[in-house]
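Visitor: Just passing along the structure, written as structure tokens.
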Amino acid sequence: MVNVTSVSGFFLMGFSDDRQLQILHALLFLVTYLLALTGNLLIITITTLDHRLHSPMYYFLKHLSLLDLCFISVTVPQSIANSLTNNGYISLGQCILQVFFFIALASSEVAILTVMSYDRYVAICQPLKYEMIMDPAACRRAVMAVWTAGGLSGLLHTAVNFSIPLCGEKVIHQFFCDIPQMLKLACSYEFLNEIAVATFTTSTAIACLISIVLSYIHIFSTVLRIPSAEGRTKVFSTCLPHLFVVTFFLSAAGFEFLRPPSDSPSAMDLMFSIFYTVIPPTLNPVIYSLRNEAMKAALRKVLSKEEFVQRKMLLKAIFKI
């Protein structure tokens with residue numbers, strides 16, 4: 001037996017000690033991960049190749065898909081490897097990187113969802129000023145701010161969290177390096193700095209949520225005044241998927257991080273963490289594609305045989321040059 005208090009890294013407990021359940025968990029996570037990769041890569045490809053989707057809404061959607069792609073890659077591959085090898089050990093360096101990228105990408109996702117709601121607000125409530133407000137330079141600045149804010153948040157949480165002295169066994173009752181679970185390992189009253197940082201981050205997330213809610217109040221009040229049923233349907237087809245994604249991600253993450261920590265983690269705690277780490281990156285491509293005719297048309301075009309032949313001929317011409 002390994003003395004878990006003497007190692008430099010941590011032990012992730014995962015979902016089960018039963019070997020068959022570990023293999024099942026690895027297979028389910030692998031299928032989910034491949035679906036998420038395929039869906040998000042398709043959206044990135046479509047919004048890049050189809051010139052009809054070169055608008056602010058799809059520009060932000062492309063970056064959301066890129067964030068989702070990175071976000072699910074931070075935790076799921078490590079969990080699959082741990083289950084297949086029956087070894088929950090994660091080194092200190094790996095844990096530091098996992099915490100940094102997890103917090104950075106989660107914060108960036110909240111920020112990009114806020115920017116996307118503002119984009120829909122301007123498009124629907126101030127259509128005459130849309131091109132002036134959401135010009136390409138403004139969109140690039142918004143995306144840069146999203147990634148920068150996420151990186152700073154991740155850096156702050158990582159620096160504070162790993163400066164806390166730990167007491168006892170370095171066992172994390174989660175399938176990834178989860179900060180709330182890691183704080184249970186801290187010596188008494190040594191984690192107040194992390195709580196202060198978490199409070200600031202939570203306040204920022206609440207401010208983003210309030211901004212999103214206000215944007216949609218204005219959007220729905222404007223939509224209900226549209227006389228044409230077709231016009232209302234078109235607006236709802238672009239807004240409802242985004243609203244569903246925002247509600248699902250923020251409610252799941254908020255419930256997980258704001259609820260009192262349990263002294264005896266259960267399987268339900270692990271299952272619930274999947275609702276904000278695994279399911280949103282997997283479902284987002286489906287949600288945004290199902291009710292969006294432009295996305296479905298672009299997908300059919302990219303996957304069509306004629307389009308494939310045209311791109312193949314173009315590549316041949318380029319290589320000949």
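The values are calculated or read from the model by the stated rules, or taken from the named source; none is laboratory data. In this text, all values refer to a predicted model and were calculated from it rather than measured experimentally. For neighbour counting, all protein chains shown are included, and Cβ atoms are generated from backbone atoms with ideal geometry for every residue, glycine included. Only protein heavy atoms, including side chains, enter the accessible area calculation; ligands, DNA and RNA are left aside. Shrake-Rupley method; radii C 1.70, N 1.55, O 1.52, S 1.80 Å.
Visitor: Do you know which of the residues in region 31-66 that are more than 25 Å from A138 (Cα to Cα) and open to solvent by less than 20 Å² (accessible area, probe 1.4 Å) is modelled with the highest pLDDT?
Guide: A36
Visitor: Of the residues in region 208-219, how many are open to solvent by less than 60 Å² (accessible area, probe 1.4 Å) and either part of a loop (DSSP other than H, G, I, E, B) or without any contact (Cβ under 8 Å) to a residue 24 or more places away in the chain (or both)?
Guide: Total meeting the criteria: 0.
Visitor: What number of residues within region 74-92 are in contact (Cβ under 8 Å) with a residue 24 or more places away in the chain and open to solvent by 10 Å² or more (accessible area, probe 1.4 Å)?
Guide: First pass over region 74-92, keeping only residues in contact (Cβ under 8 Å) with a residue 24 or more places away in the chain: 74-80, 82-84, 86, 88-92.
Right, trim to open to solvent by 10 Å² or more (accessible area, probe 1.4 Å) and you get 74, 77-78, 80, 82-84, 86, 88-89, 91-92.
Within region 74-92, residues that are in contact (Cβ under 8 Å) with a residue 24 or more places away in the chain and open to solvent by 10 Å² or more (accessible area, probe 1.4 Å) number 12.
Visitor: Given the conditions (1) surrounded by fewer than 23 Cβ atoms within 10 Å (Cβ to Cβ); (2) in a helix (DSSP H, G or I); (3) out of contact with any Leu (no Cβ under 7 Å at 6 or more places or on another chain), report the number of the one that C70 does not fulfil.
Guide: (3)
Visitor: For residues in region 76-132 being out of contact with any Ser or Thr (no Cβ under 8 Å at 6 or more places or on another chain) and of a type in the set (F, W, Y), which is farthest from M271 (Cα to Cα)?
Guide: Y130
Visitor: Determine which member of the set L66, L92 is among the aliphatic types (A, V, I, L, M) and closer than 30 Å to K301 by Cα. First the steps, then the outcome.
Guide: On the way: L92 fails: closer than 30 Å to K301 by Cα.
So the residue among L66, L92 that is among the aliphatic types (A, V, I, L, M) and closer than 30 Å to K301 by Cα is L66.
Visitor: Starting from region 2-14, take each residue that is among the small types (G, A, S) and list its partners that are modelled with pLDDT under 80 and surrounded by 14 or more Cβ atoms within 10 Å (Cβ to Cβ), counting only C-beta distances under 9 angstrom and pairs at least six apart or across chains.
Guide: Matching pairs, first to second residue: G14/L270.
Visitor: Now, a different point. Only residues that are over 23 Å from the mean Cα position of the chain (by Cα), of a type in the set (S, T, Y) and either surrounded by 13 or more Cβ atoms within 10 Å (Cβ to Cβ) or modelled with pLDDT of 80 or more (or both): list them for region 156-198, please.
Guide: Correct list: S163 only.
Visitor: Can I ask one more? Would you call L152 aliphatic (A, V, I, L, M) and surrounded by fewer than 21 Cβ atoms within 10 Å (Cβ to Cβ)?
Guide: Details: aliphatic (A, V, I, L, M): yes; surrounded by fewer than 21 Cβ atoms within 10 Å (Cβ to Cβ): yes.
Judged against the criteria, L152 is a match.
Visitor: Based on this model, can you work out whether I124 counts as of a type outside the set (S, T, Y) and touching a Cys at 6+ places or on another chain (Cβ under 9 Å)?
Guide: Values: of a type outside the set (S, T, Y): yes; touching a Cys at 6+ places or on another chain (Cβ under 9 Å): yes.
Here the answer is yes, as I124 does meet what is asked.
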